[in-house]
Each structure stands twice: as structure tokens, then as C-alpha cells.
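Since the structure comes first, as C-alpha cells, the remarks are kept for the end.
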Amino acid sequence: MYEILTNAAARQADQRAIAGGIPGWELMERAGRAVAHRAAECAPKGQRVAVVCGPGNNGGDGFVAARILDEEGYRVALYLLGPVEALRGDAAWAAGQWKGKVNPLAALDLTSAALVIDALFGTGLSRDLDGDAAAAIVAINAAKTHTKLHVVSADIPSGIDGDSGAVRGVAIMADETVTFARRKPGHLLLPGRLNCGTVTVAAIGISDEIITGLALPYAVNAPGVWLRAYRRPEAAGNKYGRGHAVAVSGGLAATGAARLAARAALRVGAGLVTVASPPAALAVNAAHLTAIMVRSVDGPDGLKALLGDARFNALVIGPGAGVGEATRGLIAVASEAGRALVVDADGLTSFAGDGPGGLPALSALVRANAAPTILTPHEGEFSRLFKNIPEIIEAPSKLLRAVAAAQHSGAVVVLKGADTVIAAPDGRAFINDNGTPWLATAGTGDVLAGFITGLLAQGMPGHEAAAAGVWLHGAAARALGPGLIAEDLPEALPGVLKRLLEHGGR
Ligand SMILES: NC(=O)C1=CN([C@@H]2O[C@H](COP(=O)(O)OP(=O)(O)OC[C@H]3O[C@@H](n4cnc5c(N)ncnc54)[C@H](OP(=O)(O)O)[C@@H]3O)[C@@H](O)[C@H]2O)[C@H](O)CC1
Ligand SMILES: [K+]
């Protein structure tokens, strides 16, 4: 249920269902019926409905929906882009079942319409919209702003690229989107997610076996994809069994970020947490810390000495660390010691130069590390770090940019944002959809890095630890709501974990 279908995978799923004995027209009938039923829940019978159909099978869904809404007593007017004679295959079949008038799209009349069914384009959209299609979308979006028009999109809001969520010129702003079998990246990545309104996933006969058989590498980030790897404490266990996380602190004026990360690591369940503090900042850190220990660690050599104790098994380096050779040295030490490592903020920027300390050096350290390395860039850090690799920077979607970066660097890459992507070097990726705008406040990235580090300390595998950290971070933010600040997030975690571990869900 969490798998994500790309446009190509959706077509494959279609074909396998048809090969399995469900005729294509039956799939279309079920798809169109699902759209009609959702639409009927949004407007009372007898209301005027405008159905706009495109030249392909998305349009075919529209013809089916029009017929069903007409049978249910709505006053339906159907508008088609292009001549009805040009329709092929299942779309031609669906048009043949429609006994009403087929109006040209250019004649679209939204007067007194309560509902629009948007069936112009779905997974077949392949270029920016123009002409009558674009004009119709502009008119529908405009009508929504000054009437109570309710817009239901079939499969994907027309104009949204199903694989990237990008707007292809212009796109429908839908109140509802009814998609089929599974969600597409365009339902989850921005801006597409914002165009969808409420997304309903309709079952149209594409079995779970077909989906499983496609071995899809992408999924929606949810407990169902990583909860099995979450390490619950053993009844007879002790704190040493839950790992020892280390947050490396910045200098005297930059100690807060590491402490935010440290507290997050403790809250998420690391058995012990230590702030590795430069000597000059020891007093400041010590004054702020209680359950979290603090050790004086002077540069890479000091960290190397600390890591002589194998119990320090997961580190976060970067928050407040400062950009440059010293931070690169700290990351090299953690990598050479084979410890699970989260590289965030200044830790990432320290490898963004073109010189010898650039991305190749970071990739080498990642590959040399026997334990997982997680990079947690926001878009700006990502662009700086991977700026010299066109196949990453120019990949067609945020999802594929993160996947390419993970494969190139060998690290798990958490490309943050309202639509954070968590990508593994093996090509798997999760798209997160539970973030909230209230996370846009100082320090929340430090907390996220700490959550991931704390989960790594407890032995979670890298990709799952990163995904769980991102999801818990979003869930904590949702539990807090408006006015949250970074310090609140770890404190909200007990409630989130309680709901998750006792009820297994959101
Ligand atoms: N299992 C499923 O997911 C099912 C999906 N169904 C529906 O089928 C569509 C996909 O149908 P398809 O015909 O492949 O594509 P579209 O209907 O989205 O697009 C139709 C054609 O439009 C042309 N096109 C593309 N971009 C533009 C544009 N910017 N301007 C004008 N025309 C454009 C393109 O043809 P070209 O030859 O011109 O490239 C498209 O082929 C899916 O979304 C579902 O709604 C099934 O009904 C049920 C099962
Ligand atoms: K559509």
C-alpha cells in the first residue's frame, strides 16, 4: 500500500492486469466509476457537472464518469479536446458508451457548474500544455476562485507531471484527486501534491501480486516501511544495549546545534549520548547538559582517541561544526573508525569545494566506512555539494536527484524539504509526506540529524533509520502544531512513539 507507481510502472501494472484477464475497458470502467462516486459525494444530485476529456485514456475515464453521473441524475455536459473520431482503444469504447453530446473543449461553459471532472491528462502527459487545454485549465482554476466549483481530477491533476510533480505550463488546482492502484510521485512531490487536494487511491483490480511483482523501488515514507527494523528495548536490556551516540559540538559560539542533536538522539532512544566538545566550549556545554554527558575532544586527534572506545557507535558531525579542513578531519576519523555517521549542515558544506576536499573525498570516506553514512542536505546544501555532477543536478525530479546522489556518493541521502526524499545507494527511495510548514524554524535540521543518529546508535540499518527519523520528525511537528520551535520536537516524541508502538500507525 505504500509502494509508488511511476507513469511507466502504472502502464506496466495496467498491462499485467489486462494480461491477467481484466479487459482494458473494464479497468477504465472501474476507474471512471471511482471518479464519479467520489465526485457524487461532493455535490448533490441534479447539479450541473462539466466533464473535460483529453485525447487519451484519461479522457476515457472522463467519458465513463460522465455516463455514470448522468445515470445518477446529474446534469452533465462533456467537453473533448480533439475530434471524437481520433479516440482509440478503450477511450473510443468509453466514448461509444456516452449517449450525450460531445462538445469541443473550446466551448467549455462553467456557468452554474457545481462540479468539474478533470480528465484531460494523466500519466500520458509528455509536454507543456498549450492551446485549448491550457485555456480550459486557466478557466477552471479561475472559476474556482469566485464560485463554489468543486474540481475532481482523474488520476492526476491535468498539467502535473506524474513522475516529478512539476507543473507542465499550467495545471489544474483540484479539490480531490482519484488515482488508481497506488499513488504516483506527482501526488507526493511539490508542487504536484498541492494541486491534488485530497488524494483517494481507488482499487480497480490491479492486484497486490501485480504490484509486488513490479518490485517497485519507491514508496511513501510511513511506519510500514521501516517499523520492522525499529529496535525496541529488550525487557532485560540495559542502556549499553541501546548504543552510545556522539554529537560533535562546534566552538564556544556554536554549541547549541550539537546539543539539539544530542537531546534528539537521547529522546529517540539512544542508551547514552555524549557531546564531544572542543575544550574552549566545555564549560558552556557542561552547564547546559544533564543526562547527556560531555567530553573534552580537541579536533580529529581528540575524536580518534574518544572512538578508541567502540561503544561510541554513532555520530552526528556538522551542526555548528564550522566549514573547513578541521570538520573534514572529524568526518574522516569517524569514517575510519567504522562508526555510523550522520553528516549534516557544515559537515556537508565542508565538502562542497572544488579542491581536494570536495565531493570525491566525501564519497571516498563514505565508501571506506563499514558502517552507514547518512547525508542530510537541504536543497541549497545539495546543489552546492553535487553541483559538478550533471546527472544528479539535472535529474528530472527531486526523487531521482536524491536517488542519483545516493548512488553516486554511496551514502543514504535525505534531501530535505516539505517533500523530503530518503534515498539509498541501492536505488530504493521513500518520499515523506507528513512534514508541516511549522518546521521552517531554526534548529529543526539539527533535531532531525539527532533523531537519525539516535536510531543508528540503536542498530537500525541506515536507510530505515533515516526514514524513521524523518517520519518521527514530521509526526512530532504535527503533534505540536503552530508555534513549535526546535527544542519542542524531542519533547513531543514520547507521545508520538507511544501512539506508534501501541497502535502502529500515524
Ligand atoms: N492502471 C491505470 O493506471 C489505469 C489508467 N487509466 C487512465 O489512463 C491514463 C493514461 O492514458 P494515456 O492515454 O496513456 O495518457 P493520457 O490520457 O494521460 O494522455 C493522452 C495523450 O495526450 C497526449 N499529450 C500528452 N501531453 C500533451 C499535451 N501537453 N498537449 C496535448 N496532448 C498531449 C499524448 O499523446 P501524444 O501522442 O500527443 O504524445 C497522450 O498519449 C491514466 O492517467 C488513467 O487516467 C485507465 O483508464 C485505467 C487504468
Ligand atoms: K487528469
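The values are calculated or read from the model by the stated rules, or taken from the named source; none is laboratory data. Values in this document were obtained by computation on a predicted structure and should not be read as measured data. With ideal geometry, Cβ positions are generated from the backbone for all residues, glycine too; neighbour counts draw on all protein chains shown. Accessible surface is based on the protein model in full, side chains and every heavy atom, while ligands, DNA and RNA are left aside. Shrake-Rupley method; radii C 1.70, N 1.55, O 1.52, S 1.80 Å.
Of the strands (runs of 3 or more DSSP E) contained entirely in segment 65-130, not one carries at least 3 residues that are away from ligand 1 (no atom under 16 Å from the Cβ), open to solvent by 40 Å² or more (accessible area, probe 1.4 Å) and touching a strand residue (DSSP E or B) at 6+ places or on another chain (Cβ under 6 Å). Would you check if VAL297 is open to solvent by less than 20 Å² (accessible area, probe 1.4 Å), within 22 Å of ALA253 (Cα to Cα) and touching a residue at least 40 places away in the same chain (Cβ under 8 Å)? Answer is yes for this residue.
Would it be correct to say that ASP155 is in contact (Cβ under 8 Å) with a residue 40 or more places away in the chain, open to solvent by 30 Å² or more (accessible area, probe 1.4 Å) and within 12 Å of ligand 1 (Cβ to nearest atom)? It would help to see each step written out before you state the result.
Working: in contact (Cβ under 8 Å) with a residue 40 or more places away in the chain: yes; open to solvent by 30 Å² or more (accessible area, probe 1.4 Å): no; within 12 Å of ligand 1 (Cβ to nearest atom): yes.
Considered against the rule, which asks whether it is in contact (Cβ under 8 Å) with a residue 40 or more places away in the chain, open to solvent by 30 Å² or more (accessible area, probe 1.4 Å) and within 12 Å of ligand 1 (Cβ to nearest atom), ASP155 comes out as no.
Of the candidates VAL116, VAL84, the single residue that is of a type in the set (A, V, I, L, M, F, W, C), assigned by TED's automatic domain parsing to the domain that holds ALA133, in contact with a helix residue (DSSP H, G or I) (Cβ under 8 Å, 6 or more places away or on another chain) and more than 17 Å from SER158 (Cβ to Cβ) is VAL84. Set side by side, the residues ALA113, ALA66, ALA91 differ, and just one is more than 16 Å from ligand 2 (Cβ to nearest atom) and at pLDDT 95 or above, which is ALA113.
Within segment 133-176, the set of residues being over 20 Å from GLN47 (Cβ atoms), within 13 Å of ligand 2 (Cβ to nearest atom) and not in a loop (DSSP other than H, G, I, E, B) comprises ALA133, ILE137, ILE160.
Filter segment 317-345 down to residues that are free of Cβ contacts under 8 Å to residues at least 60 places away in the same chain and over 14 Å from THR453 (Cβ atoms), then give me how many there are. Looking only at that region, the number is 13. Screening LEU448 against (1) in contact (Cβ under 8 Å) with a residue 60 or more places away in the chain; (2) open to solvent by 40 Å² or more (accessible area, probe 1.4 Å) leaves a single unmet condition, (2).
Does ALA411 qualify as being more than 16 Å from VAL225 (Cβ to Cβ), open to solvent by less than 10 Å² (accessible area, probe 1.4 Å) and in contact (Cβ under 8 Å) with a residue 12 or more places away in the chain? Considered against the rule, which asks whether it is more than 16 Å from VAL225 (Cβ to Cβ), open to solvent by less than 10 Å² (accessible area, probe 1.4 Å) and in contact (Cβ under 8 Å) with a residue 12 or more places away in the chain, ALA411 comes out as yes. Criterion first (of a type in the set (A, V, I, L, M, F, W, C), farther than 30 Å from TYR2 by Cβ and over 18 Å from the mean Cα position of the chain (by Cα)) does LEU129 satisfy it? The answer is yes for LEU129.
This table checks each residue for (1) surrounded by fewer than 17 Cβ atoms within 10 Å (Cβ to Cβ); (2) more than 30 Å from GLY165 (Cβ to Cβ).
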| residue | (1), (2) |
| --- | --- |
| ARG311 | yes, yes |
| ILE317 | no, yes |
| ALA321 | no, yes |
| ALA337 | no, yes |
| ILE389 | yes, no |
| PRO396 | yes, no |
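Sort out which residues of segment 155-179 are hydroxyl-bearing (Ser, Thr, Tyr), more than 16 Å from the chain's Cα centre (by Cα) and within 25 Å of VAL403 (Cα to Cα), and write them in order of number.
Once the filter is applied, which keeps residues that are hydroxyl-bearing (Ser, Thr, Tyr), more than 16 Å from the chain's Cα centre (by Cα) and within 25 Å of VAL403 (Cα to Cα), segment 155-179 yields only THR179.
Residue by residue, here is whether (1) more than 30 Å from VAL284 (Cβ to Cβ); (2) in contact with a helix residue (DSSP H, G or I) (Cβ under 8 Å, 6 or more places away or on another chain) holds:
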{"residue": "THR179", "(1), (2)": "yes, yes"}
{"residue": "THR198", "(1), (2)": "yes, no"}
{"residue": "GLY205", "(1), (2)": "yes, yes"}
{"residue": "ASP208", "(1), (2)": "yes, no"}
{"residue": "ALA229", "(1), (2)": "yes, yes"}
{"residue": "GLU234", "(1), (2)": "yes, yes"}
{"residue": "ALA247", "(1), (2)": "no, yes"}
{"residue": "LEU252", "(1), (2)": "no, yes"}
{"residue": "ARG259", "(1), (2)": "no, yes"}
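Scanning segment 183-198 for residues being assigned to a loop (DSSP other than H, G, I, E, B) and either crowded, with 24+ Cβ neighbours inside 10 Å or polar (S, T, N, Q) (or both) gives a total of 4.
Scanning segment 131-149 for residues that are touching a helix residue (DSSP H, G or I) at 6+ places or on another chain (Cβ under 8 Å) and within 14 Å of ligand 1 (Cβ to nearest atom) turns up ASP132, ALA133, ALA135, ALA136.
Counting only residues that are closer than 17 Å to GLY59 by Cβ and open to solvent by 70 Å² or more (accessible area, probe 1.4 Å), which one in segment 16-33 is farthest from ligand 2 (Cβ to nearest atom)? So the residue we want is TRP25.
Taking only segment 37-64 into account, find how many residues are more than 16 Å from ligand 1 (Cβ to nearest atom) and either open to solvent by less than 60 Å² (accessible area, probe 1.4 Å) or among the β-branched types (Val, Ile, Thr) (or both). So the answer is 7. Just to be sure, is GLU209 in the same structural domain as GLY62 (by TED's automatic domain parsing), closer than 24 Å to ILE431 by Cα and without any contact (Cβ under 8 Å) to a residue 12 or more places away in the chain? Considered against the rule, which asks whether it is in the same structural domain as GLY62 (by TED's automatic domain parsing), closer than 24 Å to ILE431 by Cα and without any contact (Cβ under 8 Å) to a residue 12 or more places away in the chain, GLU209 comes out as yes.
All told, VAL201 falls short of being in a helix (DSSP H, G or I), out of contact with any Gly (no Cβ under 8 Å at 6 or more places or on another chain) and open to solvent by 20 Å² or more (accessible area, probe 1.4 Å).
Has segment 139-152 got any residue that is assigned by TED's automatic domain parsing to the domain that holds GLY32, open to solvent by less than 10 Å² (accessible area, probe 1.4 Å) and in contact with a Gly (Cβ under 7 Å, 6 or more places away or on another chain)? No, there is no match, as no residue in segment 139-152 is assigned by TED's automatic domain parsing to the domain that holds GLY32, open to solvent by less than 10 Å² (accessible area, probe 1.4 Å) and in contact with a Gly (Cβ under 7 Å, 6 or more places away or on another chain).
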